[in-house]
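The values are calculated or read from the model by the stated rules, or taken from the named source; none is laboratory data. These numbers come from a predicted model, not from an experiment. As a convention, Cβ positions derive from the backbone with ideal geometry for all residues, glycine included, and neighbour counts pool all protein chains shown. These accessible areas exclude ligands, DNA and RNA; they are computed on the full protein's heavy atoms, side chains included. Shrake-Rupley method; radii C 1.70, N 1.55, O 1.52, S 1.80 Å.
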Amino acid sequence: MTDLGFWEDRDIRFDIPLGQIQPRSGEKIIDIVDSVEDTKGNNGDRGRLIVTNLRLIWHSSTLPKMNLSIGFNTIQNVTTRNAKSKLRGNTEALYILTKLNNVRFEFIFTYLINNSKRLFSTVMAVVRAFESSKQYRELKLRGAVVQNKQLRILPLEQLYSTVNGVWNLSSEQGNLGTLFVTNVRVVWFANFSEAFNVSVPYLHMKTIRVRDSKFGKAMVVETSEQVSASCALRWVTGEPSPLSSLAATFLDSKSIPKRR
């Protein structure tokens, strides 16, 4: 489990407590597909596949404590091909290739309803949607997030404020740039090159603090240790009041816990 208690989209777990099958805050059930066999791990056992916006959950119909949870962030590939099912014989099945901590897992699910593609179409569509929305969730370094010194706004994203003259102290000498604050994330880019940037979603902000640095008062945003590029970012505006205002804006945007 991550230090933020958020594991559902980035972990693979087997035989989890029934309470962890229930959707967490912000998790939405997209579809529930009955009559699904876990052909790789529990061949011959009829179960239910729950598709949420964060993961796939399968559990046995007769023994719910026999279950698994597959976070979408671990999925490498989804395909269909023939498999041998104890309940349906040779039939088309859903193959899901995953990777977690450099260990690969393969899952095979067979839909036991004849002449139906519902299982395949639902899972593939949701996995594609998850992949296409990573900028809302993942910390991104040097991405295509700024164009002509303007933030490339994501669908449903709202720009709250643009702050010029913000120094990023992640390097020894510091770099002068611009900071964007939205309802989804914080984005900073350097004046000398808009390709030198960082996008930090609120979801993975661990702490926000204002503290002293050799450049004066600096706002420090620490990210979760479990994100793909964890780091502590330090920003200086040159004046304490704009710095405090920025910190307050961050905290108000997503109720990030503030630690002194």
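Would you call Ser161 more than 21 Å from Asp9 (Cβ to Cβ), open to solvent by 30 Å² or more (accessible area, probe 1.4 Å), in contact with a Ser or Thr (Cβ under 9 Å, 6 or more places away or on another chain) and of a type in the set (Gly, Ala, Ser)?
For Ser161, the condition - more than 21 Å from Asp9 (Cβ to Cβ), open to solvent by 30 Å² or more (accessible area, probe 1.4 Å), in contact with a Ser or Thr (Cβ under 9 Å, 6 or more places away or on another chain) and of a type in the set (Gly, Ala, Ser) - is met.
How about the stretch 75-94: which of its residues are buried (at least 20 other Cβ atoms within 10 Å of the Cβ) and more than 11 Å from Phe109 (Cβ to Cβ)?
Ile75
Which of the residues belonging to the stretch 149-181 are touching a residue at least 40 places away in the same chain (Cβ under 8 Å) and out of contact with any Lys or Arg (no Cβ under 6 Å at 6 or more places or on another chain)?
Lys149, Tyr160, Ser161, Val163, Gly165, Val166, Trp167, Asn168, Ser170, Gly174, Leu179, Val181
Among (1) of a type in the set (Gly, Ala, Ser); (2) within 17 Å of Thr110 (Cα to Cα); (3) open to solvent by 70 Å² or more (accessible area, probe 1.4 Å), which single condition is Gly44 missing?
(3) is the only condition that Gly44 fails.
If I filter the stretch 7-27 down to residues being assigned to a strand (DSSP E or B) and among the hydrophobic types (A, V, I, L, M, F, W, C), which single residue comes out as surrounded by the most Cβ atoms within 10 Å (Cβ to Cβ)?
Across the stretch 7-27, the extreme among qualifying residues is Ile12.
Just need a number here: residues in the stretch 115-139 that are surrounded by 15 or more Cβ atoms within 10 Å (Cβ to Cβ) and free of Cβ contacts under 8 Å to residues at least 60 places away in the same chain.
3
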